[in-house]
Amino acid sequence: MSTVDDWHAIQILLVTYAELVDAGRLAEAAALFEHATYRVVREGQDDPVLAHGAAAVERFFAITRLYPDGTPRTKHVITNIDIRLAGDAATSRCTVTVFQQTEVLPLQPIASGQYLDRFERVSGAWRFAERQLRDFLYGDRSQHILWEVGAAPAEDG
């Protein structure tokens, strides 16, 4: 695989995650983290929210409100992508802005922050090793999050 192919494979992982979440295919999005840690770092909180493995990430995603069309009515827009390759490891950082529109919420950004990712190549295929969400600014998430559901997933081994 060439450097361009590696870069493209990682970019496809970034985009695939966004597309799956926006389509409401949360179990498939969580499956991308089967061998990874999903970490949410919140300003002013000492302990990040951690989920390790697909099952724990899917439990974390359970706070996402899905609408009758099966989607969260969101669009995750990923910009400023910086991918760094180092053999069978790679890192990336990018900005994500989440837009949402519902019957009661006009189209607007509801969150924007950074994804800091680590990847590993195993048997020739790239996969997530870690995703860290940080430095987020928040808008009106009242139509996106099911606040009554606990947000902190149990960590699986």
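The values are calculated or read from the model by the stated rules, or taken from the named source; none is laboratory data. Not measured: the values here are computed from a predicted model. Methodologically, a virtual Cβ is constructed for each residue, glycine included, from the backbone with ideal geometry; neighbour enumeration extends over all protein chains shown. We work out accessible area using only protein heavy atoms, side chains counted, and drop any ligands, DNA or RNA first. Shrake-Rupley method; radii C 1.70, N 1.55, O 1.52, S 1.80 Å.
Here are some notes:
- Taking each residue of the range 88-113 that is within 12 Å of Arg73 (Cα to Cα) and assigned to a strand (DSSP E or B) and looking for partners that are open to solvent by 30 Å² or more (accessible area, probe 1.4 Å) and among the basic types (Lys, Arg) with beta-carbon atoms closer than 9 Å, six or more apart or interchain, yields Val98/Lys75; Val98/Arg141; Phe99/Lys75; Gln100/Arg73; Gln100/Lys75; Gln100/Arg141; Ile110/Arg141.
- Filter result for Phe128 (among the hydrophobic types (A, V, I, L, M, F, W, C) and either under 27 Å from Thr3 (Cβ atoms) or part of a strand (DSSP E or B) (or both)): yes
- Selection status of Leu50, under 18 Å from Arg134 (Cβ atoms), surrounded by 15 or more Cβ atoms within 10 Å (Cβ to Cβ) and aliphatic (A, V, I, L, M): yes
- Restricting the first member to the range 40-69 and to residues that are under 18 Å from Thr102 (Cβ atoms), and the second to residues that are in a strand (DSSP E or B) and of a type in the set (A, V, I, L, M), the beta-carbon pairs closer than 6 Å and six or more apart or on different chains are Ile63/Ile145.
- Condition met for Gln114 (among the polar types (S, T, N, Q), modelled with pLDDT of 95 or more and more than 25 Å from Asp82 (Cα to Cα)): no
- Residue match in the range 18-29 (condition: surrounded by 14 or more Cβ atoms within 10 Å (Cβ to Cβ) and more than 26 Å from Pro109 (Cα to Cα)): no
- Filtering Asp135, Asp82, Asp117 for residues that are loosely packed, with under 15 Cβ neighbours inside 10 Å, in contact with a Lys or Arg (Cβ under 7 Å, 6 or more places away or on another chain) and in a strand (DSSP E or B) leaves a single hit, Asp82.
- Residue count, the range 85-116 (criterion: farther than 19 Å from Asp140 by Cα and acidic (Asp, Glu)): 1
- For Ala90, the criteria (1) of a type in the set (Gly, Ala, Ser); (2) loosely packed, with under 15 Cβ neighbours inside 10 Å; (3) under 19 Å from the mean Cα position of the chain (by Cα) hold in every case but one, which is (2).
- Scanning the range 53-74 for residues that are open to solvent by less than 40 Å² (accessible area, probe 1.4 Å) and at positive phi yields a total of 2.
- The single residue among Arg134, Arg73 that is of a type in the set (Lys, Arg), farther than 21 Å from Leu32 by Cβ and in contact (Cβ under 8 Å) with a residue 40 or more places away in the chain turns out to be Arg73.
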